[in-house]
């Protein structure tokens, strides 16, 4: 029988009633003839409670024990979901990570899945089991210790199972009903997309659209797993939600798929850096070693052997960056007159695979912002994305103007 | 290094503070030079919460899923305890049942331990680990599913580990500071026993002294594991609590070790049963098949081919017993005129290995009760125990009078 993956996040299994509702959705797919693998998260709030206990017990915790404690939340949900399905006369059983086994690296609390053998679950499908309920977010290391995949790891678990079992599709049930052209809280005309390409989803996810974990989208793209994002709180039809798929499966699309934004950005500038070969490498190596996630980078034209170096990073990493630069200067590695930090900026991006074949998107974006009197501070571009850093107070205005100009409220 | 077993029950690990207090006790034993195996229960209340969810989800639950869900409470405590010990610079790690592995039967929710291989834990002791924190109450079946041992199973886990690792002693930390000559709430002069024989403890446990689970005492007796019961809420000296041990290790003891009682008894009488060979077998097979735990049995002298048959059983099984007897009569298996049930009785027992060598204990017991004007309804005796069924309103009086008469407030 064809295999379907279904993943339910924490809010979708937060109570016994919600588990029942989710189980009914699973029952619908079983009735269609699928063998179903369900990946469950912990009931919402449970993981935070467990993490809180670990942090209170041991602030610099042994990640192996962290994993042993924190993984228990998913085990509870898996058992309860299996029982709920059994009550509905659907043959089901729960699987903890080590029982499958979900083989991972030993990088505790942020392990990567290395292999998912299909034999044990397939043997049970052959015996008549219709649903394997697997505890998400966890696996087992080569040493036989429990590992976790890091926050959002249940999405990754789901996609990895879909790839291993060559599932027809991987449905991610969550508390939103799909991927939107932008955040509806900022632009009320935001439209749900029926389909979006993996590459677009990756850009949107890494830009702060919190629907899907980036790693799970990367994995889905690599193994060409069709991902569908849909709401566990609404009655669902077969074409509900948003399908994240290969771009070849998207016949018609707008040039721009969506407008993303991120509020929590800071812009930092090293003023009057002594410009010599290797200076950029020195600066950004120091920032990287300090754990600063540098996003955009701009270097001004050099004058008289000195230049200004500007970058953006998450606003909560500014202190860390300042410390790293001060130390590098004290150590004689770099030389600059001043370090400026502007913590009142935002990043706005337009994303779309259509940009590959359509020119003029950047020009149009800049013109729209100019018409609104919004000054662009930094620009970066990729093949399918253009991002700008602007004053944070204009962020909503920029998003709305761009959404409108690229006619994202209208389907292609 | 010698191995010590330490078991902490639910109230002893109910909060992070209590886990810290328990960990300090473990640290004291490590400092003495022991390699320690700690068995932990779930934080008190957690198991009940999980059981509640399972029952609400599926009243006639699949016991395999019940076990998968309910065992998670102990896993959390084991991880937190290991982290707490690490914070105290004690090399420790947690072990879930399947990691040891604790091999059990497949009788889910009431599995029996079959084997505890010592290799993996001993290998870690050899590498410098000083404490293995093991999740109690759980194991793994031959099919690789998680099993639980039933309520109170953590005591059994502790004793089984003590036997497997040939531990010097098995310390059971709980919310009482030892085994008493009787319940201090009934007799204020009740005295804590320094030592008690396995056989005495078994009689006391099965009579309702809820300090230790009966199975764990049986196991300790079979493998001659020295069991010590002590409080996790008091500073402890080396001879704190009560040592449950082989009778040969008890040099001096009172003839009677303690007075036990049970409030929740009922007395039932089948009046005028047709007396023929095999009639007792017919009656008690029917009761057993109905799940009635018959305790005491008395058959009156037969007159004119008819007799009265009396037994005691837990008061909440009276309805079940009545149904079984009515059906047996309707089915023609037995014949009686009336079934009486007295739900206002209590059982009082004196227990002591000294009875084996001292005569007159029964006579003295009956005289004491007679002096107080208490009528004895049923009597049973074993080698080290005499039990009587009396009107429940006299129970406290009987316990106090017997405690006094056998001078249990004074050490031997």
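The values are calculated or read from the model by the stated rules, or taken from the named source; none is laboratory data. Bear in mind the structure is a predicted one, so any value in this text is a computation, not a measurement. Reconstructed Cβ throughout: ideal geometry from the backbone, glycine too, with neighbour counts over all protein chains shown.
Only a single item in (1) assigned to a loop (DSSP other than H, G, I, E, B); (2) at positive phi is not met by residue A:293, and it is number (2).
Is there a residue in the stretch A:133-150 that is free of Cβ contacts under 8 Å to residues at least 40 places away in the same chain, away from chain B (no Cβ under 12 Å) and in contact with a strand residue (DSSP E or B) (Cβ under 6 Å, 6 or more places away or on another chain)? No, the conditions are met nowhere in the stretch A:133-150. Restricting attention to the stretch B:298-319, the residues being touching a residue at least 24 places away in the same chain (Cβ under 8 Å) and either over 15 Å from residue B:343 (Cβ atoms) or surrounded by fewer than 16 Cβ atoms within 10 Å (Cβ to Cβ) (or both) number 8. Test residue B:86 against the criterion of being at the interface with another protein chain (Cβ under 9 Å from one of its Cβ atoms), touching a strand residue (DSSP E or B) at 6+ places or on another chain (Cβ under 7 Å) and over 25 Å from residue A:95 (Cα atoms), and give yes or no. Considered against the rule, which asks whether it is at the interface with another protein chain (Cβ under 9 Å from one of its Cβ atoms), touching a strand residue (DSSP E or B) at 6+ places or on another chain (Cβ under 7 Å) and over 25 Å from residue A:95 (Cα atoms), residue B:86 comes out as yes.
Answer yes or no: is there a residue in the stretch A:367-376 that is touching a residue at least 40 places away in the same chain (Cβ under 8 Å), surrounded by fewer than 20 Cβ atoms within 10 Å (Cβ to Cβ) and at negative phi. For the stretch A:367-376, residues touching a residue at least 40 places away in the same chain (Cβ under 8 Å), surrounded by fewer than 20 Cβ atoms within 10 Å (Cβ to Cβ) and at negative phi: absent. Of the residues that make up the stretch A:28-45, is at least one within 12 Å of another protein chain (Cβ to nearest Cβ), crowded, with 20+ Cβ neighbours inside 10 Å, in contact with a helix residue (DSSP H, G or I) (Cβ under 9 Å, 6 or more places away or on another chain) and in a helix (DSSP H, G or I)? No - not one qualifying residue is present in the stretch A:28-45. Residues that are over 29 Å from residue B:403 (Cα atoms) and part of a loop (DSSP other than H, G, I, E, B) are absent from the stretch B:314-328 altogether.
For the stretch A:65-77, filtered to residues that are more than 7 Å from every other protein chain (Cβ to nearest Cβ) and part of a helix (DSSP H, G or I), the residue that is farthest from residue A:148 (Cα to Cα) is A:77.
Just to be sure, is residue A:328 under 30 Å from residue A:286 (Cβ atoms), in contact (Cβ under 8 Å) with a residue 40 or more places away in the chain and more than 29 Å from the chain's Cα centre (by Cα)?
Details: under 30 Å from residue A:286 (Cβ atoms): yes; in contact (Cβ under 8 Å) with a residue 40 or more places away in the chain: yes; more than 29 Å from the chain's Cα centre (by Cα): yes.
Spelling it out, residue A:328 is indeed under 30 Å from residue A:286 (Cβ atoms), in contact (Cβ under 8 Å) with a residue 40 or more places away in the chain and more than 29 Å from the chain's Cα centre (by Cα).
Within the stretch B:338-366, the set of residues being within 26 Å of the chain's Cα centre (by Cα), surrounded by fewer than 15 Cβ atoms within 10 Å (Cβ to Cβ) and in a helix (DSSP H, G or I) comprises B:356, B:362. Going by what's in this entry, would residue B:388 be described as under 22 Å from residue B:199 (Cα atoms) and surrounded by 14 or more Cβ atoms within 10 Å (Cβ to Cβ)? Considered against the rule, which asks whether it is under 22 Å from residue B:199 (Cα atoms) and surrounded by 14 or more Cβ atoms within 10 Å (Cβ to Cβ), residue B:388 comes out as yes.
Identify, please: which residue in the stretch A:91-100 is in a loop (DSSP other than H, G, I, E, B) and more than 10 Å from chain B (Cβ to nearest Cβ) and is, among those, nearest to residue B:146 (Cα to Cα)? Break it down stepwise before answering.
Narrowing the stretch A:91-100 to residues in a loop (DSSP other than H, G, I, E, B): A:91, A:96, A:100.
After this cut, where a residue has to be more than 10 Å from chain B (Cβ to nearest Cβ) as well, the list is A:91, A:100.
Numbers: A:91: 18, A:100: 13 Å.
That would be A:100.
Going by what's in this entry, would residue B:50 be described as surrounded by fewer than 24 Cβ atoms within 10 Å (Cβ to Cβ), within 10 Å of another protein chain (Cβ to nearest Cβ), closer than 15 Å to residue B:150 by Cα and without any contact (Cβ under 8 Å) to a residue 60 or more places away in the chain? Spelling it out, residue B:50 is indeed surrounded by fewer than 24 Cβ atoms within 10 Å (Cβ to Cβ), within 10 Å of another protein chain (Cβ to nearest Cβ), closer than 15 Å to residue B:150 by Cα and without any contact (Cβ under 8 Å) to a residue 60 or more places away in the chain. A count restricted to the stretch A:110-132 and to residues that are away from chain B (no Cβ under 13 Å), surrounded by fewer than 24 Cβ atoms within 10 Å (Cβ to Cβ) and either touching a helix residue (DSSP H, G or I) at 6+ places or on another chain (Cβ under 9 Å) or farther than 19 Å from residue A:90 by Cβ (or both) stands at 9. Among the conditions (1) closer than 14 Å to residue A:171 by Cβ; (2) assigned to a helix (DSSP H, G or I), residue A:230 misses just one, which is (2). Evaluated against (1) under 12 Å from the mean Cα position of the chain (by Cα); (2) buried (at least 19 other Cβ atoms within 10 Å of the Cβ), residue B:214 falls short on exactly one condition, (2).
Do the conditions hold for residue A:80, that is, is it at pLDDT 95 or above, in contact with a strand residue (DSSP E or B) (Cβ under 9 Å, 6 or more places away or on another chain), within 10 Å of another protein chain (Cβ to nearest Cβ) and more than 17 Å from residue B:146 (Cα to Cα)? So residue A:80 does not fit the description; no.
When you scan the stretch A:267-278, do you find a residue that is closer than 24 Å to residue A:381 by Cα and either exposed (fewer than 15 other Cβ atoms within 10 Å of the Cβ) or without any contact (Cβ under 8 Å) to a residue 12 or more places away in the chain (or both), even just one? Within the stretch A:267-278, one or more residues are closer than 24 Å to residue A:381 by Cα and either exposed (fewer than 15 other Cβ atoms within 10 Å of the Cβ) or without any contact (Cβ under 8 Å) to a residue 12 or more places away in the chain (or both).
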